[in-house]
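Notes to accompany the following structure.
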Amino acid sequence: MTEDRRARINRLKWHCRRALLELDLVFDRFWERYEETLDAQGEAALESLLELEDHDLWALVSGREITGDPRMAAMIERLREISPIANFE
Amino acid sequence: MNYTVRKFDAVIVGAGGAGLRAAIQLSEAGYKTAVLTKVFPTRSHTVAAQGGVAASLGNSEEDHWHWHMYDTVKGSDWLGDQDAIEFMCRKANEVVVELEHYGMPFDRLDNGKIYQRPFGGHMSNFGEKPVRRSCAAADRTGHAMLHAMYQRNVKVNTQFFVEWQALDLVRDAEGDVMGVTAMDMETGEIVVFHAKATIFATGGAGRIYYSSTNAFINTGDGVGMAARAGIPLEDMEFWQFHPTGVAGAGVLITEGVRGEGGILRNSDGERFMERYAPNAKDLASRDVVSRAMTTEINEGRGCGPNKDFVLLDITHLPPETIMKRLPGIHEIGIQFAGVDCLKEPLPVVPTCHYQMGGIPTNYLGQVVVPRGGNQSEPVLGFYAAGECACASVHGANRLGTNSLLDLLVFGKSAGETAVNDLKNNVKAHKPLAQDAIDRTLARVDRLNNQKDGADVHETRLAMQRTMQKHAGVFRFKDMLAEGVTRINEIAGQVAQTQIKDKSKVFNTARIEALELDNLIEVAKATIVSANARTESRGAHVRDDAVDSPETPDGRNDKVWLKHTLWYREGNRLDYKPVQMKPMSVDTIELKKRAY
Ligand SMILES: Cc1cc2nc3c(=O)[nH]c(=O)nc-3n(C[C@H](O)[C@H](O)[C@H](O)COP(=O)(O)OP(=O)(O)OC[C@H]3O[C@@H](n4cnc5c(N)ncnc54)[C@H](O)[C@@H]3O)c2cc1C
């Protein structure tokens, strides 16, 4: 990974540290899957999602509310489809 | 390694409820105040609080601070300090009304007064019947609170350092505090915040457990920093477990689910709470339900391939009820358990929720330590409030809605005391203790240069699993002793963690390694303190504590009516008396805690 991209991804990753555990868990899985492949468009979509307040973001990710913004909608779809199902150990 | 120094009158670490409340006090008084926070203030964990904040406003029915005080002392299983509890309960109305003036959008009654709802353990007339005492802003109480206080801080020119990680307390050989060392996450730069007053408001450390309702950010940084600087930690064996966290994920399933008729079942499908609490059944108090669940699991009646959770069944409820009265639960089931709770029961386990212990303070928000024959001597220049502090108002068990109150009252108190000290006692900055700064630099250097070290993620997981297994809801003598050994071993690995990513900008690997340095201090304090306390009290329950007329439910006041103090150096324990004397009223005398 280039230094530039490393810095951008790291910054996004830190911004995924949220006040709600629900979101932390969703983003944890997200990075496991997409860290290597997230493209510029994805980065931008994620960045604007991360601007939202935690409760609003969770309302979108949990499907209780729907966004009108197609770019965000695609990212939310991605977050939803990798729901971090509990690992029973 | 280079560093720079910045001077402030006051530095506050933490921008959750406690930190923001303290900052208002200092900035309003005109002091140059810096607030450091790992995340944007309104993303602090206080956001997660939904239930509300307790205050005996008596808006819906008669209420009194003295009743609130009684409930809190009883809830604490008499381990709370009665002077601090009286102070908090008396101050509640004032801080709630202040918050209203800062713009907090509380729910209202038709007559315009703040609406109040009942909450577990809050009663009228000294334990007679439930009372409406909790003030809320829809289901976003914590969030609304942070917004109101953040706006207020912006108005009074508090200077925020967002995405800064405080690393260590700067404390000199005389024991006085003169600021913190911190890292700017954006650049990796290290700065010493040199201050006349330092306030810790860093929140809890719920992430020491494998199963926790706490967000990832709750890594006990302030508590760890205090311990490394030689400050003892108080009552760390007391952690509140919430009965219903989603197994494997920790996400909280509110009590409301059982309130609406949800039933807990074991692997035989049995409604086991009927055996443990024939009257209240699934609605018995948090600790009773948590322990019953653990007993079922320990005796082999858990569910799933590893028999390590029980089931919360709401399949008998009409789907409309679930969707209307319990919004979000359906989605949580799908997202975190892969279960459609309308058709299948949810897997749940008792889950770590709240840290009752912490940095010892008095009701003025001053950090206090035993010194020169005095049990509670203030540390000059050092204050703490909120979940990282132990005032101690929650004692062995916290009542719901009392922690938002705690952070308002003691956040304000810490700020006020600091203002008084700045006005009257501390005119100049005390010179910085170089050795304290050097210790931070050495710690960061060690991490940057470590070879063949331990993996941060794996080491943290090992710590969390050990804590869950050895110092969970229900504690066993042998398990605790074994756990102490295990945690000490893991502490050895934490001292040798290694990171692959050495970049400067938002190096999350480094941040997490530095957080783990704090978590492990909390884990050590918890398990060593729990191992030593051979009674059961509040949230600390041991199988070897005998239930007898002198020791009801295993609580042994003769020997154990005292606060634990854990010192990092040598893993040493000390104790100090509980303050049984309130400020103005009579002592609330010891009684068996029964509801
Ligand atoms: C799911 C959930 C629901 C809850 N509901 C309620 C409720 O309804 N009522 C109630 O009374 N209580 C409730 N609680 C408990 C309550 O929310 C917390 O005890 C309280 O919010 C803690 O506030 P705080 O200000 O002490 O810390 P936090 O809000 O956790 O803030 C800590 C701050 O410290 C900062 N910080 C930490 N470490 C560092 C560092 N090294 N450097 C710089 N900054 C740092 C963080 O960035 C953050 O700003 C709930 C808890 C949970 C988990």
*Between a first residue in the range B:36-59 that is more than 10 Å from chain A (Cβ to nearest Cβ) and at pLDDT 95 or above and a second residue that is near the ligand (Cβ under 8 Å from one of its atoms) and assigned to a helix (DSSP H, G or I), which pairs have beta carbons less than 6 Å apart while being 6 or more apart in sequence or on different chains?*
B:Val53/B:Leu404; B:Val53/B:Leu405; B:Ala54/B:Asn402; B:Ala54/B:Leu405
*Report the residue count in the range B:186-205 for those that are hydroxyl-bearing (Ser, Thr, Tyr) and surrounded by fewer than 24 Cβ atoms within 10 Å (Cβ to Cβ).*
1
*Taking the range B:146-185 as the search range and keeping residues that are within 14 Å of chain A (Cβ to nearest Cβ) and within 20 Å of B:Leu516 (Cα to Cα), which one is surrounded by the fewest Cβ atoms within 10 Å (Cβ to Cβ)?*
B:Asp184
*asked:* Between a residue in the range B:209-228 that is among the charged types (D, E, K, R) and any residue that is away from the ligand (no atom under 12 Å from the Cβ), which pairs come within a Cβ distance under 8 Å, given they are 6 or more apart or on different chains?
replied: B:Arg228/B:Arg439; B:Arg228/B:Glu521; B:Arg228/B:Arg568
*Would a scan of the range B:374-386 turn up a residue that is part of a strand (DSSP E or B), within 14 Å of chain A (Cβ to nearest Cβ) and within 13 Å of the ligand (Cβ to nearest atom)?*
no
*asked:* Among the residues that make up the range B:146-162, is at least one of them more than 13 Å from the ligand (Cβ to nearest atom) and part of a strand (DSSP E or B)?
replied: yes
*If you scan the range B:318-356, which residues turn out to be within 13 Å of chain A (Cβ to nearest Cβ), touching a Leu at 6+ places or on another chain (Cβ under 6 Å) and not in a loop (DSSP other than H, G, I, E, B)?*
B:Gly333, B:Ala337, B:Leu346, B:Val348
*Tell me which residues, restricted to the range B:253-286, are farther than 23 Å from B:Ile334 by Cβ, at pLDDT below 90 and not basic (Lys, Arg).*
B:Ala277, B:Pro278, B:Asn279, B:Ala280, B:Leu283, B:Ala284, B:Ser285
*From the options B:Thr4, B:Thr37, B:Thr33, residue that is among the polar types (S, T, N, Q), touching an Asp or Glu at 6+ places or on another chain (Cβ under 8 Å), more than 26 Å from B:Tyr115 (Cα to Cα) and away from the ligand (no atom under 16 Å from the Cβ)*: B:Thr4
*Matching option when the condition is touching a Lys or Arg at 6+ places or on another chain (Cβ under 6 Å), surrounded by 24 or more Cβ atoms within 10 Å (Cβ to Cβ) and acidic (Asp, Glu), among B:Asp81, B:Asp77, B:Asp9*: B:Asp77
*State all residues of the range B:287-303 that are at pLDDT 95 or above and within 14 Å of chain A (Cβ to nearest Cβ); if no residue qualifies, say none.*
B:Gly302, B:Cys303
*asked:* The conditions are (1) modelled with pLDDT under 95; (2) in a loop (DSSP other than H, G, I, E, B), and B:Ile217 fails exactly one of them. Which is it?
replied: (1)
*Does B:Arg117 qualify as being touching a strand residue (DSSP E or B) at 6+ places or on another chain (Cβ under 7 Å) and in contact (Cβ under 8 Å) with a residue 40 or more places away in the chain?*
yes
*Filter the range B:496-528 down to residues that are hydroxyl-bearing (Ser, Thr, Tyr) and away from every other protein chain (no Cβ under 12 Å) and give me whichever is nearest to B:Arg228 (Cα to Cα).*
B:Thr526
*asked:* For the range B:179-197, check the following and say yes or no: at least one residue is away from the ligand (no atom under 13 Å from the Cβ), under 30 Å from B:Gln468 (Cα atoms) and outside any strand (DSSP E or B).
replied: no
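The values are calculated or read from the model by the stated rules, or taken from the named source; none is laboratory data. Bear in mind that the values here come from a model prediction, so they are computed numbers and not experimental data. Don't worry about glycine lacking a Cβ; one is built from the backbone with ideal geometry, like all the others, and counts go over all protein chains shown.
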